[in-house]
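Every number in this text was worked out from the coordinates using simple rules, so none of it is lab data. Everything numeric in this text was worked out from a predicted model, so none of it was measured.
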Amino acid sequence: MKENHPDPQALEHLHQLHAAIGSSVKQLRQSHGWTLEEAAAIAGITTKKLAAIERGTFYHNTATLSRLLERLGGRLAVIPATSPDAPLCSFLDPTP
């Protein structure tokens, strides 16, 4: 039986995406002047989980991420790269 192995390039892109999202969440939190503990309480998640999201090591689902960003006052727009040299995604905080 043939084993299914994930594409290493796709896995690397996924890791990069989570790192970019985590960095953006951290920037949003810091822009409000919140500690990890304060932001986690506002978002309704544990400090440990928020720290892992910010490090890009917690692979959250879209619903969790949307709820987290909504409670922190931001929104995420992922813009697909248009060339191989472009970043995998960009973070936009369209909230005024």
Quick check of the Kirkwood formula: for region 8-72, what is the inverse mean of 1/r over all pairs of different Cα atoms, in Å? 11.8 Å
Just how far, in whole angstrom, is region 1-35 from region 39-78 if you go by their alpha carbon centroids? 12 Å
